[in-house]
Each structure stands twice: as structure tokens, then as C-alpha cells.
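See structure below.
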Amino acid sequence: MARPCTVCESPDRATVEIGLANGIAARVLSLRYGLAPDALSRHRTNHMDVDLIAKLKTRGCRSDEELAQIREVEGKSLLDSFSWQRARLYRNADNAASIKDWAGERAALEAASKVSERIAKLLGELGSAITINHNTINLVQSPQWHHIRTSLVRELRPLGPEAIAAGARAIATAEAAIMQPPEREPLLIEATLV
């Protein structure tokens, strides 16, 4: 005589079957409900037909609108995470500089630069751009510009907070000037060959 199915006799059968229908791993269900993974696999194969699995599925297909909303929410969450990481790396760089650990400061600033690159990749083109012959250069958020700003602040640090503030004002003025759209289209020089 065949042994009875432990899943069929379980008081948690309905919940277990919902989990199996939705693709929850047998080892996870095994740990949660105290059933053997082999018994769970056998139950799904032998006692759950296609119609039952379809009725028990709670995960449906998402619409394009739902997927777009998920991308937007996850993108913002990822951006927040990167911003937090960059701020923490800047704090680490400041702490390293305060104890004259120049290698630690440099490492933290390089890591912050990489996080800035990730932010730029996530958002596409950030800030304003300079267009020359249909080539776009993202100057304000480029890693090179970030390196220039970081180097400038590092060089101004020994001169005190006034020098750092003056440098920050100069950088902000330069970035604001770059972000202004051109007042008129550039003139094109045309020539005809005779």
C-alpha cells in the first residue's frame, strides 16, 4: 500500500499549493512548513494539475504602464542610493584629509568619481551640454569636470574656508554660464566652388 502524501494531509496544504503554483522553491516551503522537499516536488507533479496551478497563480503579467512605473520608482531608488554613497565617500575623504591620510582621501575621491559616473549613466545626459558639429559634450557632469573640481578644492583647502568658498563661487558661476542656452544660432560659413 502506498504511503499517503504528507502535503495532502498537511493543515497548510492550501498555502503550500499557492506557493508551489507561484514558483516558490521547495526548500523554502520545506523550511517554513516542515515538509520534505521531495514530498513537495512529488505533490506538485502528481497532485496539482495545470488548471489548479493556473487558478492558484497570484503573479500575473504586468502591463507596460506598470513596468514603466516600476522602472521609474527603482530608478529613483537607485539614484538615491548612489547619491548617498557619493556623500558618504566625500565624508570619508574629508575625514582622511583631517588626519592627513592622503592615500585614503585620494581613494575615497576616486570612488566618489566612479559613483558620479554611475549616476551620469543612470540619468543619461545630466546638466547642460555644449554642442559642436552635432557632437555633445556633457561638461558639467563629466568625470573629467568632477576631477577638476575635486583637484581645485583639494588645492584650496590649505588656504582656508574663504578660499574654498571663493573657488566654489567661481565653479558655480562657470557652471551657470555653461548651462545658459546660446542667444543665437552660430553663423555658418558657406563657400561655393567655381
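The values are calculated or read from the model by the stated rules, or taken from the named source; none is laboratory data. These figures come from a predicted structure and were not determined experimentally. Cβ atoms come from the backbone with ideal geometry, glycine included; neighbour counts cover every protein chain shown.
So, of the residues in the range 1-38 that are of a type in the set (Val, Ile, Thr) and farther than 22 Å from Val50 by Cβ, which turns out to be farthest from the chain's Cα centre (by Cα)? Give the steps one after another, and end with the answer.
Of the range 1-38, the ones of a type in the set (Val, Ile, Thr) are 6-7, 15-16, 18, 24, 28.
If we keep only those that are farther than 22 Å from Val50 by Cβ as well, we get 6, 28.
Details: Thr6: 44, Val28: 29 Å.
Only one residue tops the list, namely Thr6.
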Seminar exercise, completed: Of (1) hydroxyl-bearing (Ser, Thr, Tyr); (2) surrounded by 14 or more Cβ atoms within 10 Å (Cβ to Cβ); (3) closer than 30 Å to Lys121 by Cβ, Ser30 fails just (3)
For this session: For the range 1-98, please list each of the helices (runs of 4 or more DSSP H) lying entirely inside it that holds at least 1 residues being within 30 Å of Val153 (Cβ to Cβ).
Result: 64-98
For this session: Read through the list (1) of a type in the set (Val, Ile, Thr); (2) more than 30 Å from Ala174 (Cα to Cα); (3) at pLDDT below 90, then give the number of the only condition that Val115 fails.
Result: (2)
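Report whether or not Gly75 is under 31 Å from the mean Cα position of the chain (by Cα) and surrounded by 10 or more Cβ atoms within 10 Å (Cβ to Cβ). Steps first, please.
Values: under 31 Å from the mean Cα position of the chain (by Cα): yes; surrounded by 10 or more Cβ atoms within 10 Å (Cβ to Cβ): yes.
So Gly75 fits the description; yes.
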